[in-house]
Amino acid sequence: MSEPSLEALHERLKELEERVSTLEAENEALRQTVQSQQEELTEYQETLDTHTQQQDAAADHRKHLQQRLHALESEEPEDTDTKATQTESRSPLQQLVGLPAKLTEKLTANQERARFIAQDITEYATKVPAGFAIDSSRIRRILNAKEGRTPHTQTVTRVMEFLDRLGKDDVRVIKRRGTKRVVFTEGAVSELVETDPANSSTRGITDVVIGWT
């Protein structure tokens, strides 16, 4: 049998190089897929943690409800009315922003991200006819600056959903020209600015967590 020609060896080498390049590309695609799935798994875990916190908070709320009722009934009528009005008038988002530092450890990563943005909404959002608006790209840049890495698309979406849900009727997510935005009414922004963490109570975190559905 004759030895392969130089040209044949060259062609074979070229084929092997192309195969290696293909395998490297496939390996990179697989790595990116695995990374994306890991990020999705983290999001699912945070959701599960949130549901667990809801259950724990609800059980604790029921346990202490009667005690709180007796305590409120023992206060002066005008004092009770004032406290009740203040608590009921605050949106879950206000309660979230007003949490004392010692209670923020109860939050999941995305809840803390939403709180971070809401605390300085006048700095981050843009004035619009409907109030103030902040789009998904802006939120992504804020979180990138805060955490030192670009957040996953699902993370940004989750944060926007928290702001929408906790802001009740005064906050909503809209989509224009292919871009999602969170729009706050002027009243909601004013209330967030005026929220004082020093005036928050443990009941605030309970009410907020129960509202995270």
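Under a point spin-label approximation (7 Å from Cα along Cα-to-Cβ), what is the E161-V173 distance to one decimal in nm?
Calculated label separation equals 0.7 nm.
Tell me the label-point distance for the pair V20, Q37, using the 7 Å Cα-to-Cβ offset, in nm and rounded to one decimal.
Label-label distance for V20 and Q37, simple model: 2.8 nm.
Order of 149-157, 30-38 by packing, highest average Cβ count within 10 Å first?
In decreasing order of mean packing, 149-157, 30-38 become 149-157, 30-38.
By average Cβ neighbour count within 10 Å, what is the ranking of 22-29, 164-171 from highest down?
In descending order of packing, they fall as 164-171, 22-29.
Please compute the modelled spin-label separation between E105 and E28, points set 7 Å along Cα→Cβ, answer in nm with one decimal.
According to this spin-label approximation, the distance is 4.4 nm.
A short reminder: the numbers here are calculations on the coordinates, not readings from a lab. What you see is a predicted model; the values in this text were computed from it and never measured. Here the Cβ is made from the backbone with ideal geometry for all residues, glycine too, and neighbour counts use every protein chain on show.
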